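Laboratory data are not the source of any read-out in this text; all were calculated from the coordinates shown. Values in this document were obtained by computation on a predicted structure and should not be read as measured data. Counting neighbours? That spans all protein chains shown, and the Cβs are built from the backbone with ideal geometry, glycine included.
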Amino acid sequence: MQNEEKPLFSLTVNEFMSITRRLVNDVLQEQKGEPEVELTDEDHVEHFTIKELAVFLRCSIVSIHNYKKMGMPFYRVGRKVLFKKKEVLAFMKSINLKTNKKQKR
């Protein structure tokens, strides 16, 4: 099935974001009159759902909710809660640093 024939509602969040990024990039490049720049993997932001993040961090879903209460950044997309990998790793490092400082006292 070609993309033109694919119903919009069957897109995943990542597929929709990828398509949107490409379209915005195309329009911006046309307006600037510059050659098109391909997005690299570094430009792609990896997102996790609560379940995916629990598997990634090897902890329970309850722990993820506790981290959210502690200030872990998250985003709501409709009913979904998403986490950016880069922000989660930074948050976990900050918690680790705080814990290490308390243990040294």
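Quick notes
- Coupling constants for the stretch 59-71 follow from the phi torsions by the Karplus curve (6.51 cos²θ - 1.76 cosθ + 1.60, θ = phi - 60°), and in residue order they are 9, 7, 5, 4, 4, 4, 5, 5, 4, 4, 5, 7, x Hz; glycine and proline get x.
- Separation in nanometres of the label points that stand 7 Å from Cα toward Cβ, at Thr49 and Ile95: 2.1 nm
- Modelled FRET efficiency - R0 22 Å, Gln29 with Tyr75, Cβ distances, 0.05 increments: 0.25
- Note that the stretch 27-32 has calculated 3J(HN,Hα) couplings of 5, 4, 5, 5, 5, 7 Hz, one per residue in order, obtained from phi through the Karplus relation 6.51 cos²θ - 1.76 cosθ + 1.60 (θ = phi - 60°); glycine and proline are x.
- Using R0 = 35 Å, the C-beta based FRET efficiency linking Val62 and Thr20 works out to 0.60.
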